[in-house]
Each structure stands twice: as C-alpha cells, then as structure tokens.
Amino acid sequence: MSLQGEYIYGIVEEPQLRRFSFSGVGEAEVYTINHQRIAAVVSDTEFSEIDPTRKNVHAHTVAQDELLKEYTLLPMGFGMIATDEDEVRGLLEKNYQGLLSELNRLADRIEVELKVFWNQEAVIKEIQGESQELSNLRAKIDAASSPIETRNLLIEAGKLVECIVRNWKTKYAELVYTILKELSYDAKANDPMGVKNLLNASFLIERSRESEFKEQVYKLDSEFQGKVNFKYVGPLPPYDFVDLRLEPVKC
C-alpha cells in the first residue's frame, strides 16, 4: 500500500481550511493545511517524486497562478513533497514567525519579468552607420584576393562587431532597467538568455501599480520600436524575491 504524501505549492496567509475549485498535479484536489494564521496549499500524492513532465509542470504553474489571484503567495519550487500532513504542520509551526513576516513583507506585491532582445537588422544597420572602420573592412573583404585573406578579414570584422554589439546591448539594458527599477519595490538583473538577449530582469512591484509599470514598458517599447523587442510576463509568484530559509522538522 502506497503512503500518502503532500505536494506543496506554496504558503499563504489563511486561518481557515480552504478547498479550491482548480486541481493540482495528477488532477488531485488542492486544499490547505493550516496553522494559526498561515497555511500550506497542498494536494495529495502517492509518489515520493514527481516527474517534471510538461503536464505536471503546467499543473503546478496553474495552481500557483490561481492562488496568486487571491493571495500573497510564498511559492515552492516544483516537486516539493512532504511525507504527510503532520510534517506539513510541523514545517508551518517551526517556521511560523519567519513565514508570517515574509508574507507581510510581500503583501500586495507581485513579480513581473521583462526580457529585451535586440533586432538583428537594426543592430547591423546601426553598426554600419556608426563604424567607418567596419565599412573599410567590408570594402577590403569585397576586394580580397584570396580565401585566406577573406577569412582573416572576417575574423577581424567579427571582433569589431562583437565589441560594438556589446556596447549597444549595455546601453539599452542599463537604460530600460534603470527606468523600470524606479517604479519597483525591488529589482534583479539576471543573466541574459541567449545571444540576442539584452536584458533579463525581474521586478517586484506593488500590485496596484502594475498598470503604471506596464504603461512604462509600452512607452519604452514604442520609443525603441524597430531596434529591440520586449517580452513581458506577469504577474508571477515572487520566486526571485523570497528571502527565507526554512528550518527542517526534526523527527
């Protein structure tokens, strides 16, 4: 007979037992396990590990998105499983003050992500317009008398382009990040995702200011239209801004 574990989606401030209309991983019912003013949002599972299939990850994400519509959520990463309800209650009791404090700090705040990608044609056009040295190299490449000479000139041109693009990317990334950070409670610049990624940042904003924040993103998008592309995602659980180390429950 399989033991029943508890898959944990996150922690919310909720003193009463709740059963939710949406389902969780494995299409299981989602409900709360409560301790005083806080609760863990869970669903039952017979597995000690959950495979990160697209279906399971989607169910995890949907559950957290639904919770975020109603609560401030301290999100748990995919695959967090407690052995039983007693362990969950012990976790809540052991970390009660820290969890409650963090819920209060993040109350009415949401995370949004912004990625900015450079447009290849725009970058090439700007490089050609700004760099006489590159224009001279292109002319030399066109007039090269041997494949070896062409290869060497292409390597030289590549280094020049890389330098110009790096400066170009920094200029836009820093400007966008600085402007949006002013509208945020907190912000984090993450590592770029791929060659064309200028900016990969997370912003913690007041829920009430999301429209204002979006409006500024649209304004920047319009200002830089044709040069860079914006990808805005949110609201999200504040994964990047939770500052808490949970104390384990001792057996």
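The values are calculated or read from the model by the stated rules, or taken from the named source; none is laboratory data. Computed from a predicted model, the values in this text were never measured in an experiment. To get the accessible areas, we keep the full protein, side chains included, count just its heavy atoms, and leave off ligands, DNA and RNA. Shrake-Rupley method; radii C 1.70, N 1.55, O 1.52, S 1.80 Å.
Over the range 7-125, what percent of the accessible surface lies on carbon and sulfur atoms, probe 1.4 Å?
On the way: 2770 of 6000 Å².
Carbon and sulfur: 46 percent of the exposed surface of the range 7-125.
Please calculate how many Å² of accessible area the range 2-120 carries per residue, with a 1.4 Å probe and no DNA, RNA or ligand atoms counted. Before the final figure, lay out each step's value.
Details: 5920 Å² over 119 residues.
Each residue of the range 2-120 exposes 50 Å² on average to a 1.4 Å probe.
Return the subset of 171/196; 55/196; 55/115; 181/219; 188/214 for which the Cα-Cα distance in this structure is over 23 Å, preserving the input order. Don't skip to the end; give the middle numbers.
Working: 171/196 14 Å; 55/196 29 Å; 55/115 25 Å; 181/219 15 Å; 188/214 17 Å.
Violating the 23 Å Cα-Cα cut-off are 55/196; 55/115.
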